[in-house]
Amino acid sequence: MNEQTLPDARGHFGPYGGRFVAETLMEPLRQLEEAYNRLKQDAAFRAEFDQDLAHYVGRPSPLYPAERLSRNWGGAQVYLKREDLNHTGAHKINNTVGQALLAKHLGKTRIIAETGAGQHGVASATVAARLGLECVVYMGSEDVERQSPNVYRMKLLGARVVPVTSGTRTLKDAMNEALRDWVTNVDNTFYIIGTVAGPHPYPMLVRDFNSVVGREVLQQSQQMLGRLPDALVACVGGGSNAIGLFHPMLAHTGVKMYGVEAGGLGLATGQHAAPLSAGKPGVLHGNRTYNMEDENGQILGTHSISAGLDYPGVGPEHSWLKDSGRVTYVSITDDEALAAFHELTRTEGIIPALESAHAVAYARKLAPQMGRDQAMVVNLSGRGDKDIFTIAKREGIELGILPTHQSSPTGQSK
Amino acid sequence: MSRLQGVFESLQARGRKGLIPYITAGDPHPRHTVQLMHALVRGGADVLELGVPFSDPMADGPVIQLACERALAHGTSLRQVLGMVEEFRRTDRDTPVVLMGYLNPIEAYGKAEFARRAREAGVDGVLVVDMPAEEAPDIAPLFRNEGLDCIFLLAPTSCAGRIDLIARQASGYLYYVSLKGVTGAATLDVTDVAARLAEIRRHTRLPLAVGFGIRDAQSAAAVGRVADAVVVGSALVAQIERHRDEPAALPELLTQQLGAMRAALDKS
């Protein structure tokens, strides 16, 4: 099977993907698929998307040679694909700009989204503000607490953030709730799914909108290296930044690819979010894919220091790429990601998102195994500003979000 | 003839409408489920829909989500649910039982093994909410080979082509979702439902059950005038939730609640 031509007409990537939803959503999904297949061939739609990517998102993002990091690691030359420099600070905006254009063309007046870390919620609220559309973002109540700066950002942008208190109160439950909203308000509402999961055609269209990342790396590496990189490294939660980087280069078999899952406290503890490394195939959120589930098929709670990777499933195309062997999937623990976060910040002056720090941590292991004449591209999918509170808390440092006028007896603001 | 087919033929012969209550297995506790099933039969149920709890019931509203959470908190598994049906069957050989749930627990159990065990336990039909007709060809034949009816959903958004596709694979009855929304959602428009059922009947001769949004005797009677059967779920599950700490009272409460719907349905 040619990986470049997947999914098939029914939305399957080999045995994965598909459209496992209740009947009410089948026809709206078919209409979305039809509209997308028509618009992606439409020159005016593509020009509009490219225009937005250039002048609203700020593309192309740089491919930055991290020379000090490369020297310290003593192996491959490390290049960082700077998705953190995009508008709103992550790759997520590539997809929301694309889906917002679809919503506009379909005449929808209301946008809904699910979010974990809040990056996709912010990116959705951003495009909704720009188009003057109503926006509702579903967010697990646990994530609302640990990502409060992003909650405030979404509110500033005019979105309503709905805390979800069912189930494990994280990303998967937010997605359930967004699907429930969509089934109820399907006539006027466009559901912007934030990752390459969900029912067909979402895994395909989210991938296509993010593939600008890989296409740029193709061009940039030709210009800078005169050839393609030897290895690509990206973190995988749902897997949208990874598929965006990988997909345009799948046919170039000389390019090795590594997807990095959240190993949490370690795979052996069960406290992780690494379905490809330690899960099994099942059906969740409208598609067949690797999931973290118990022996009775109930979906398990996950753990990661990074809210954006804290998801028990993964995009179905990644499941296919794992089975086919084209991409190697590995995992990185919370501690390793944290160490990489500090190392990149101190060495290159770039504060990465905790999600992206997982990719950096694996690159650190991989680089010394490669030659100095080899090149590796690490997808720096987002910036770390949103994470400084999480990191400070973990390291026992108290940051006041809003400084108070009175000091506590120890002199620290509470 | 399947038990479901027999029940619908008998209803039609007597000019009566079917009443199909839904409860979630294992709610409020697995030890009460079989009693509650019998209580629903006493209240006038023609068919029982027994929910298989799932951690991520994305088509269900808050009432049934919480029922799933209560059932899972007591470790209710698909294996146990089959055991409950087996126990129910020891004293009730007539009332058809349809398992309603999501695909993943069935896949984890093993599709073929599940179909075989379901048949042995006395299950009559299976409704897998997140298995639309397009994804059914791998699984539905396994169910049919064991004599299980495959119940499918139809929705207000189902176009003519889809109704055909679904009706071809369905047996037992078709379950029309009366509104765009989740289980237990607000109000249903009977005129609209009547028009949609008339259209569906042009494509199939299967009995049509209507669910989502039926909460009391009045709405049951109104829908009963246009459908072959009415499904009531969230209203019963909400009753179970209110009295979850006094399970001894629950069978009688459910019998009464369903009985009121039965009476209204038979009068209409």
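Bear in mind these aren't lab numbers, they're just calculated from the coordinates by the rules spelled out. Bear in mind the structure is a predicted one, so any value in this text is a computation, not a measurement. Here Cβ is always computed from backbone atoms with ideal geometry, including for glycine, and neighbour counts include all displayed protein chains.
The distance from the alpha carbon centre of region A:85-102 to that of region B:198-239 is 43 Å, rounded to a whole number. Our Cα-only numbers for region B:3-267 put the radius of gyration and Dmax at 16.8, 48 Å. Within the straight-line cut-off of under 16 Å between alpha carbons, the lysines reachable from A:Lys40 are A:Lys104, sequence neighbours fewer than 8 places apart in one chain being disregarded. Taking the centroid of alpha carbons for each part, region A:330-382 and region A:37-61 are 30 Å apart.
Of the GluC sites (Glu not before Pro) found in region A:2-103, not one falls in a DSSP loop while having at most 12 other beta-carbon atoms within 10 Å. With neighbour counts taken as other beta-carbon atoms within 10 Å, the residues A:His358, A:His247 rank, fewest first, as A:His247, A:His358. Dipole orientation for the protein assembly as shown: of the candidates A:Ser277, A:Ala9, A:Leu344, A:Ala9 has the Cα lying most toward the positive pole (charges on Cβ; Lys, Arg +1; Asp, Glu -1).
Other residues whose C-beta falls under 15 angstrom from the C-beta of B:Phe8 contribute a net charge of -1, scoring Lys and Arg +1 and Asp and Glu -1. Are any of the pairs A:Lys172/B:Lys180; A:Lys172/B:Lys111; A:Lys155/A:Lys386; B:Lys17/B:Lys267 more than 19 Å apart by Cα-Cα distance, and if so, which? Violating the 19 Å Cα-Cα cut-off are A:Lys172/B:Lys180; A:Lys172/B:Lys111.
Taking all Cα pairs closer than 8 Å and separated by 6 or more residues, the relative contact order of region B:43-129 comes to 38 percent. Placing a label point 7 Å from the Cα of A:Glu34 along the Cα-to-Cβ direction, none of the residues of region B:179-216 has a backbone N under 12 Å of that point.
Between B:Asp216 and B:Gln35, the contour length at 0.36 nm per residue exceeds the Cα-Cα span by 62.9 nm. Given the protein assembly as shown, what percent of its DSSP beta bridges are antiparallel, to the nearest 5? Given both bridge residues lie in the protein assembly as shown, the antiparallel proportion sits at roughly 20 percent. Charge dipole (Cα centre; +1 on Lys/Arg Cβ, -1 on Asp/Glu Cβ; no other charges) of chain A amounts to roughly 660 debye.
Summary of the geometry: region B:1-71 and region A:129-168, compared by the centres of their Cα atoms, lie 36 Å apart. Between B:Asp164 and A:Asp42, the distance separating the two model label sites (each 7 Å from Cα on the Cα→Cβ line) works out to 2.8 nm.
Backbone phi angles across region A:181-187, fed through the Karplus curve with coefficients 6.51, -1.76 and 1.60 (θ = phi - 60°), yield HN-Hα couplings of 4, 4, 5, 7, 10, 5, 5 Hz in residue order; Gly and Pro are listed as x. For region B:100-121, the residues whose amide N sits under 12 Å from a probe point set 7 Å from the Cα of B:Ser2 along the beta carbon direction are B:119. Evaluated with a Cβ-only charge set (Lys, Arg +1; Asp, Glu -1), region B:3-267 carries a dipole of roughly 700 debye about its Cα centre, given to the nearest 20. The modelled label-to-label distance between B:Asp94 and B:Arg225, using points 7 Å beyond Cα along the C-beta direction, is 3.0 nm.
Taking a straight Cα-Cα cut-off under 14 Å and skipping sequence neighbours fewer than 8 places away in the same chain, the aspartates and glutamates within cross-link reach of A:Lys256 are A:Asp230. Counts of other chain beta carbons within 10 angstrom of each beta carbon in peptide B:101-110 average 5.
For an R0 of 45 angstrom, estimate the FRET efficiency from the Cβ-Cβ distance between B:Ser10 and A:Asp294 and round to the nearest 0.05.
0.60
Considering only B:Ala71, B:His29, B:Leu19, and ranking their Cα positions along the charge dipole of region B:1-77 that arises from unit charges at the beta-carbon of Lys, Arg, Asp and Glu, the one farthest toward the positive end is B:Leu19.
Among the trypsin sites (Lys or Arg not before Pro) in region A:172-275, those placed in a DSSP loop whose Cβ has at most 13 other Cβ atoms within 10 Å are A:Arg227.
Pick out which of B:Ala136, B:Ala248, B:Ala229 has the largest mean-square fluctuation in a Gaussian network model of chain B, springs linking Cα atoms closer than 10 Å. Taking springs between Cα atoms under 10 Å, the residue moving most is B:Ala248.
Using helices alone, what [θ] at 222 nm do you get for the protein assembly as shown, with -39,500 (n - 2.57) per DSSP H run of 4 or more residues, divided over all residues and rounded to the nearest 500? One gets -13000 deg cm²/dmol as the mean residue ellipticity at 222 nm.
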